[in-house]
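In what follows, a structure is listed as structure tokens, so that the remarks can point back to it.
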Amino acid sequence: MAVSFTDKILSVLFENEKQTLCYLSYLFFFWGASVLISLLTVTAPYGRYSRSGWGFFVPGKFAWLVQELPSFVCPLLVLFYSDSPKSNNFLNIFALSLFLLHYFQRTFIFPFLIRGGKPTPLIPFLMALIFCILNGYMQGAYILKFADLQWTPGTSLRIIAGTAIFFTGLLINLHSDHILRNLRKSGETGYKIPYGGMFNYISGANFFGEMVEWFGFAILNWTLPTMAFSVFTLCNVGPRAFQHHRWYKEKFDDYPRNRKALIPFVL
């Protein structure tokens, strides 16, 4: 009986998959707004802010690998099982490859570059895992089955601009992570002020890079799911940049006073 009920639910969801993906996108808009509101009053319990009360602790590297893995695997599963003509369209595959490029780095490279790294509480880990499962499926399924990516005089500039913005954000993100990883020398502990790259202008350089990256991805694809993902990213990492900015100023008396939190020279 339970199996039959599950089959019926899945049948309803996938019978009109495009509509399901649109509903999931709306959920992401709501989820993002909820995260934004909560982070204005509660500091996310990860990294330097990790604390008890959010479940038992999961080893940091393991948490990163497992929680990010679905964002890489789910689109590949959609690609493997999809018989949609759009899954053979070059631009659709190109767009998906950008998404996979980011999550390949986040899943199989980034965790093993972490030096030390504090454990992650269970609840944030599970929330990140659920997000990556849903988002991996949503982006992969919509791009491979429903996104209308065509190279025309009306779309070529948007596709080029979106791709350029995506890679700009990706490089900022990777470079910022590199700076943060190399703040401490071997055997050192504690925190230091990051300098170089976008850190000369903002405290949340890595967060800024990720926001720019997915904004470019949304411009390239011009779909509801990619817009929802971009907005969610802004709501999720934007407040964290402000939390870092406040923490740096409280901890270091010599913290650069002209440095902004998230947007250079502005905010």
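The values are calculated or read from the model by the stated rules, or taken from the named source; none is laboratory data. Everything quoted here is computed from the prediction, not taken from an experiment. Please note: Cβ atoms are built from the backbone with ideal geometry, for glycine as well, and neighbour counts cover all protein chains shown. Each accessible area value is taken on the protein alone, full model and side chains, heavy atoms only, with ligands, DNA and RNA left out. Shrake-Rupley method; radii C 1.70, N 1.55, O 1.52, S 1.80 Å.
Within the range 35-48, restricting attention to residues that are in a helix (DSSP H, G or I) and open to solvent by less than 50 Å² (accessible area, probe 1.4 Å), which residue is modelled with the highest pLDDT? Taking the candidates together, the pick is V35. Mind checking whether some residue in the range 140-163 is among the β-branched types (V, I, T) and surrounded by 22 or more Cβ atoms within 10 Å (Cβ to Cβ)? Yes - at least one qualifying residue is present in the range 140-163. For first residues located in the range 43-71 and polar (S, T, N, Q), partners that are assigned to a loop (DSSP other than H, G, I, E, B) and at pLDDT below 90 and lie 6+ apart or on another chain with Cβ distances below 8 Å form the pairs S50/K118; S50/P119. Is it true that some residue in the range 222-231 is part of a helix (DSSP H, G or I), without any contact (Cβ under 8 Å) to a residue 60 or more places away in the chain and open to solvent by less than 10 Å² (accessible area, probe 1.4 Å)? Within the range 222-231 (the criterion being part of a helix (DSSP H, G or I), without any contact (Cβ under 8 Å) to a residue 60 or more places away in the chain and open to solvent by less than 10 Å² (accessible area, probe 1.4 Å)), the answer is no, since none of the residues qualifies. Residues in the range 102-137 that are closer than 19 Å to S230 by Cβ, of a type outside the set (A, V, I, L, M) and within 13 Å of the chain's Cα centre (by Cα): H102, Y103, Q105, R106, F131, C132, N135, G136. With the structure loaded, tell me whether G60 is exposed (fewer than 14 other Cβ atoms within 10 Å of the Cβ), modelled with pLDDT under 95 and of a type outside the set (A, V, I, L, M, F, W, C) or whether it fails that test. For G60, the condition - exposed (fewer than 14 other Cβ atoms within 10 Å of the Cβ), modelled with pLDDT under 95 and of a type outside the set (A, V, I, L, M, F, W, C) - is not met. Among the residues of the range 183-193, is there at least one that is closer than 28 Å to L69 by Cβ, in the same structural domain as K260 (by the TED database) and at pLDDT below 95? Checking the range 183-193: at least one residue is closer than 28 Å to L69 by Cβ, in the same structural domain as K260 (by the TED database) and at pLDDT below 95. Every test in (1) closer than 23 Å to N236 by Cα; (2) assigned to a loop (DSSP other than H, G, I, E, B) is passed by N135 save one, and that test is (2).
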